[in-house]
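All remarks here apply to the structure that follows.
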Amino acid sequence: MNSGSLAPAPTASPARAGILQKSFSFPTAIAALLAVLGVLTVRDRFDDPDMWWHLKLGEVTWTSHRIPSADLFSYTTNHHSRIAQEWLSQLLIYAAFKAGGYSGLMIWLCLFTAAILIAGYAVCSAYSGNAKVAFFGALTIWVFGTIGFAVRPQMVGYLLLILELLILHLGRSRNPRWYLALPPLFALWANCHSSFFLGLVLAASILFSSWSSFEAGLLVASRWKPHDRRMLAVALVLSLLTVCLNPSGVNLIGYPLDTMFHQPTVLSAVSEWQPLQLTDPRGIALLAALTAIVLLVIVRRQELLLHEALTIALAIWIAGSHRRLVFPAGILIAPILSRLLANSWDRYRAERDHPAANAVLIASSFLVIVLAFPSRPNLIAQVEDSSPVKAVEFIQAQHLSGPMLNDWDDGGYLIWAAPEYPVFIDGRADVYQWTGVIDEFGRWATLQTAPDLLLDKYHVNFCLLERTSAVANVLPLLPNWKAVYSDARSVIFVRTPPASPTR
């Protein structure tokens, strides 16, 4: 035995080396940067007006172990039945609050925002085959997503939309058995957000394109193998069935259509439901993205697949119809844009990676996230700036007696912070459309009818209004109404007894 010989230095196992390489790879560094972008985007977006009633419904479900099937919070709807199409997302939102209060809700928002951007990056990377260009696809999703990043169930729905895109791509490019992941996805999706309907339309459009085979200029379609087509068809039928596994049953399938076509007052009165205008920055961005797609196809003579053309048409239709749907429209367009740009930059190669530089970037990203995360006092200040916090404290301290009339945007916070005072109206527009309350309130708020008519009809005893509302300037002129509270944001009027006649 040669005691002078040196034993070879131990080396990391191939599996461990592979894990380390992936952990500090370029795509992982890009994912960390997208997480930073997500946190910086939403750190000042804590108080969405609809967050509060979602939070309250989650609390009711959590504490009662029952999913409400009727309105519990307003005295104007007479406990009208409702479609519980977001109950699971609302439960997740309340779980975050129960675990960490306002900070827990902000963590929920940061996690889902980062997940949408990172998952979008993964889909764009898989679809284009270029992990570098996919970063611009993720930025495309971010640009359009800025309209809807909030503590709301739509965040869950749009993350599931991205997962559907990934499943559909894997089914086409690798193995059609991936399509069998769609039914469980839709079973979950239908209980989280009504955007599941968009997912069904998307899958159906791809199935429709699978029968075509033609070349019309640069528009190309290739007929699928019968087995692949059958797998998607079976998965789509099963998905339709699993969608019915929800508290409202088959009625849920028609709910998105009712919202889009049979709620005219909601669509005209709520800004996020109005058509996207080209003067809107996101309208300009959408036009720029579509122009880029057209130019890439024409100038570079790149083929556009039929299912891509149908997806683009679907994106244009939903974004043009409703401003809020520019978010999912961006998700649909981003992978296609990434594929057309795939040859604009050399593709990522793992052997050329720089793990040390990537590790520094990843560590720096986590540090920025920690430093940028808003403190609890900051979150409280955001709530006070956007909600009638002090006014609610006054109402509760003075034990004002209802019924109460409140502004639309304040209803959600009142449901959460003062549940003992049933609201007149809030962001759950559907139930107020069905009962006609939203039309009455709209005419009242815009002074199209005499203010006292609505106040007398519902026997309103006090009003909590925003100082900038038109009615806030009129109520002091009405007999028997008096302002008892005012701050920089809100004003409260109470009904006073009529004056006794003098002799």
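Please treat every number below as a calculation from the coordinates, not as lab data. From a predicted model like this one, the values you see are computed outputs, not experimental measurements. A quick note on method: Cβ atoms are made from the backbone with ideal geometry, for glycine too, and the neighbour counts reach across all protein chains shown.
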Item to complete: Would you work out the relative contact order for the stretch 387-495, in percent, from Cα pairs under 8 angstrom that are 6 or more residues apart?
Response: 27 percent
Practice prompt. Could you work out the Rg to Rh ratio of the chain, with Rh taken as the Kirkwood radius (inverse of the mean 1/r over all Cα pairs)?
Written response: 1.05
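Projected area of the stretch 238-364, taken from the Cα convex hull and averaged over every viewing direction, in nm²?
Details: hull surface 53.3 nm².
Quarter of the Cα hull surface area: 13.3 nm².
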Fill in: In order through the stretch 95-104: 3J(HN,Hα) via Karplus (6.51 cos²θ - 1.76 cosθ + 1.60), integer Hz, x for Gly, Pro
4, 5, 5, 5, 6, x, x, 4, 5, x
Worksheet item: Past the 25 Å Cα-Cα mark, which pairs from Lys390/Lys482; Lys132/Lys225; Lys22/Lys225; Lys56/Lys390?
Response: Lys132/Lys225; Lys22/Lys225
Practice prompt. Which order do the peptides 235-244, 84-93 take when ranked by the mean count of other beta-carbon atoms within 10 Å per residue, highest first?
Written response: 84-93, 235-244
Item to complete: Could you tell me how many degrees, from 0 to 90 and to the nearest 10, lie between the Cα long axis of helix 26-42 and the main elongation axis, the longest principal axis, of the Cα atoms of the chain?
Response: 10 degrees
Fill in: Degrees between helix 326-340 axis and first principal axis of the chain (Cα, 0 to 90, nearest 10)
10 degrees
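I'd like to compare 440-450, 105-115: which one has the highest average count of other Cβ atoms within 10 Å, and what's the full order after that? Intermediate results must be reported in sequence, preceding the final value.
On the way: 440-450: 15.5, 105-115: 21.3.
By packing density, highest mean first, the sequence is 105-115, 440-450.
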Fill in: Amide H contacts under 5 Å for Leu305, placed H, 5+ residues apart
Val220
Worksheet entry | Table column - 3J(HN,Hα) (Hz), the stretch 392-407, Karplus curve with 6.51, -1.76, 1.60, x for Gly and Pro | 5, 4, 5, 4, 6, 5, 8, 6, 4, 9, x, x, 10, 10, 10, 6
Worksheet, complete the sentence: Rounded to the nearest whole number, the per residue volume of the convex hull around the C-alpha atoms of the stretch 387-495 in Å³ is 93 Å³
Response to the item:
In terms of the charge dipole of the chain, which places +1 on Lys and Arg and -1 on Asp and Glu at the beta carbon, the residue among Ala334, Gly217, Val460 farthest towards the positive end is Gly217
Worksheet item: What are the ³J(HN,Hα) values, in whole Hz, obtained from phi via the Karplus relation 6.51 cos²θ - 1.76 cosθ + 1.60 with θ = phi - 60°, for each residue of the stretch 150-162 in sequence order, with x given for Gly and Pro?
Response: 6, 6, 9, x, 4, 4, 5, x, 6, 5, 5, 4, 5
Worksheet item: Using a ≥ b ≥ c from the Cα gyration tensor of the stretch 236-312 (square roots of the eigenvalues), is it rounded, prolate or oblate, where a/c under 1.5 gives rounded and otherwise the larger of a/b and b/c decides, a/b for prolate?
Response: oblate
